[in-house]
Amino acid sequence: MQFKEVVGHKKIKEKLVHTIKENRISHAQLFLGGEGSGNLALAIAYSQYVSCENKQEQDSCGVCVSCLKFHKLVHPDLHFVYPVSTSKAVKKNPVSDDYIAQWRETIIENPYINQNKWYEIIDVENKQGIISKNESSEILKKLNLKTFESDYKIMIIWLPEKMNAFAANKLLKFIEEPPAKTLFLLVSENSEQILPTILSRTQLIKIPKIDNESMRSALCDRFGLSPEKASDITHLANGNYLNVQNLINSTEEDNYNFDQFTQFMRLSYQRKVIEIIDWVDEISRIGREKQKNFLSYTLRLIRDNFMLNIENRELVYLTKQELEFSEKFSQFINQENVSQIYEALNCAHSDIEMNAYNKIVFLDLALKVIKLIKK
């Protein structure tokens, strides 16, 4: 991955390139940024630049032998550690290398992945991934090897906050006394869960949300969106590129949810109980996952309508279509009813998740909203 493939963060890219040119590469660095910020993508692009055989002014060349291997994430001096768990394929003592094929395929396709998606890909069911003591032994083996082709052995540790105590203390020893020409790149979303002694020994690189201009430009260039649509999605994404991908993939479902939301609210306001029953019949047929998505969507719109009502537009994330409806509707979501509507929606979401009878759940919800909407 090259720097040019990472959305935004121009100044951070320049700073990273500068440290390499001046030979001031810190052996342990922490790329700290929220989900969808691109911290993992930056760490990989930085690693590729470090190893590139024909470095350009602001980026790796992309065509040398080293870059081609980085493109497939198969460079012999590039190592990854990430949280894993047991699965149908790996039943005991899992380590990162057990899932390296899935990891490479996943990251090549989308380096903006989050942990929930990763756990879904490796099929660990409801278990949470960790970086265990078994992993620390693997790290030691890899770092004691000599470099094969690059000047540096590079270890990218994704979500080091998922390390258990044994692995974290072992990593601390590696960082305190690193093997020669070893580069640790920790890619974290939550530094508060990392061992403080590890934090104190890393160079912190804060990765903020992606700026709106870079996000809009990427949407137009990469997805062929119109400037207006790109602006809508950029506003909703709030600096999170993972949100962008989800929003683009769910446009059709969002349109359906918007239509159902406006119909639900209009019928509730007008107290048209017979029509509400017809609406309940329709939405009860769409399947539980889509019903949960509709309720989550409705929760977001109720929240944003309340923000509109109290004139706090900086915290409103609505598309143009949603805003046009909400400009008039928001007056009905106020301090008198917002918490109760929110509670009713959350309860309905939980009930659907627990496999309650959906017609009863949605009818109960509708009757509560009819009662609350004119408060």
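The values are calculated or read from the model by the stated rules, or taken from the named source; none is laboratory data. Computed from a predicted structure; not experimentally measured. Quick reminder, even Gly has a Cβ in these numbers, built from the backbone with ideal geometry, and neighbours come from all protein chains shown.
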Original post:
Taking R285 and the conditions (1) in a loop (DSSP other than H, G, I, E, B); (2) free of Cβ contacts under 8 Å to residues at least 60 places away in the same chain; (3) within 20 Å of V338 (Cβ to Cβ), which numbered condition does it fall short on, given that it satisfies the others?
Top reply: (3)
**OP:** Would you confirm whether any residue within region 321-337 is among the acidic types (D, E), more than 16 Å from R266 (Cα to Cα), surrounded by fewer than 21 Cβ atoms within 10 Å (Cβ to Cβ) and modelled with pLDDT under 90?
**Re:** no
**OP:** Taking only region 84-98 into account, find how many residues are in a loop (DSSP other than H, G, I, E, B) and under 25 Å from the mean Cα position of the chain (by Cα).
**Re:** 5
**OP:** Need at least 1 residues that are closer than 17 Å to G239 by Cα and out of contact with any Lys or Arg (no Cβ under 9 Å at 6 or more places or on another chain) per element, so show me which helices (runs of 4 or more DSSP H) inside region 1-77 make the cut, counting only ones lying wholly within it.
**Re:** 10-21, 39-51
Original post:
I233 fails exactly one of the following numbered conditions: (1) crowded, with 19+ Cβ neighbours inside 10 Å; (2) under 15 Å from L42 (Cβ atoms). What is the number of that condition?
Top reply: (2)
**OP:** Determine the pairs where a residue that is aromatic (F, W, Y), located within region 345-360, has a partner that is surrounded by 13 or more Cβ atoms within 10 Å (Cβ to Cβ) with Cβ atoms under 9 Å apart, the partner being 6 or more residues away or on another chain.
**Re:** Y357/S284; Y357/D351
**OP:** Can you give me the ranges of the helices (runs of 4 or more DSSP H) entirely in region 309-375 with at least 3 residues that are farther than 25 Å from G287 by Cα?
**Re:** 320-329, 338-353
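Got at least one residue in region 21-31 being of a type in the set (D, E), closer than 25 Å to P208 by Cα and modelled with pLDDT of 95 or more?
No - not one qualifying residue is present in region 21-31.
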Original post:
Inside region 160-268, counting only helices (runs of 4 or more DSSP H) that do not spill past its ends, which hold 1 or more residues that are out of contact with any Lys or Arg (no Cβ under 7 Å at 6 or more places or on another chain) and modelled with pLDDT under 90?
Top reply: 165-176, 212-223, 227-237, 241-249
Original post:
With (1) surrounded by 21 or more Cβ atoms within 10 Å (Cβ to Cβ); (2) over 27 Å from N144 (Cβ atoms); (3) modelled with pLDDT of 95 or more as the list, and I108 as the residue in question, which single condition is left unmet?
Top reply: (1)
**OP:** Go through region 82-101 residue by residue and tally those that are over 20 Å from L40 (Cβ atoms) and hydrophobic (A, V, I, L, M, F, W, C).
**Re:** 2
**OP:** Look at region 282-318 and say how many of its residues are among the β-branched types (V, I, T) and either outside the structural domain of Y256 (by TED's automatic domain parsing) or in contact with a Phe, Trp or Tyr (Cβ under 8 Å, 6 or more places away or on another chain) (or both).
**Re:** 4
